[in-house]
Structure formats: structure tokens, C-alpha cells
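A.B. asks: Let me give you the structure first, and then I'll get to my questions.
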Amino acid sequence: GCYRTASGTSMSTPHASGLAAKFWASGVADSNADGVTTASEVKTYLQQRAKLTDITAGKYAGIGDDAASGFGLPTVA
């Protein structure tokens, strides 16, 4: 009957998985347009989208892979 906030990999995993499933099902990640979307294509697509909204603070921020926050914030197209 109430809401809670949480953080960490336990909370990010279902969100990233859901977004990956959306991209996989839509075929938008099919980089070579062969009609087959592979796990590797989905991973690359997620990373590319996340880099568009890279985290601006952190040890490796701005270079695409921050040790604290990953590649950035993937967004739904």
C-alpha cells in the first residue's frame, strides 16, 4: 500500500532487462538489417543509447564507461 525507493544493481537489472527486451522485440537493434536481432546487437545498442546521456560526474565520466555508474542512462526511443 505504499511506495519505496531503492538503488543499486538489484533495481537497475529489471529496468535494463525490460529495455533490452523492448529493443529486441521491436528489431530496432538489428544493426545489419538481416531480420535477426542478436544479444550482441542489443547490448551494443543499449550501450550506444546510454552514451548519448552519459553521466557527468564520476571517476571516468564523459568517456563512456564510468566505474561507478556504467555507460550512462539508456532511454526509450
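The values are calculated or read from the model by the stated rules, or taken from the named source; none is laboratory data. Small disclaimer: the values here were computed from a predicted structure and weren't measured. Glycine gets a Cβ as well: all are built from the backbone with ideal geometry, and neighbour counts include every protein chain shown.
A.B. asks: How many residues are out of contact with any helix residue (DSSP H, G or I) (no Cβ under 6 Å at 6 or more places or on another chain), loosely packed, with under 15 Cβ neighbours inside 10 Å and part of a loop (DSSP other than H, G, I, E, B) when one looks only at the stretch 1-57?
C.D. replies: Matching residues across the stretch 1-57 total 18.
A.B. asks: From the list Thr13, Thr38, Thr53, Thr44, pick out the single residue that is modelled with pLDDT of 70 or more and touching a Leu at 6+ places or on another chain (Cβ under 6 Å).
C.D. replies: One residue alone meets the criteria, Thr53.
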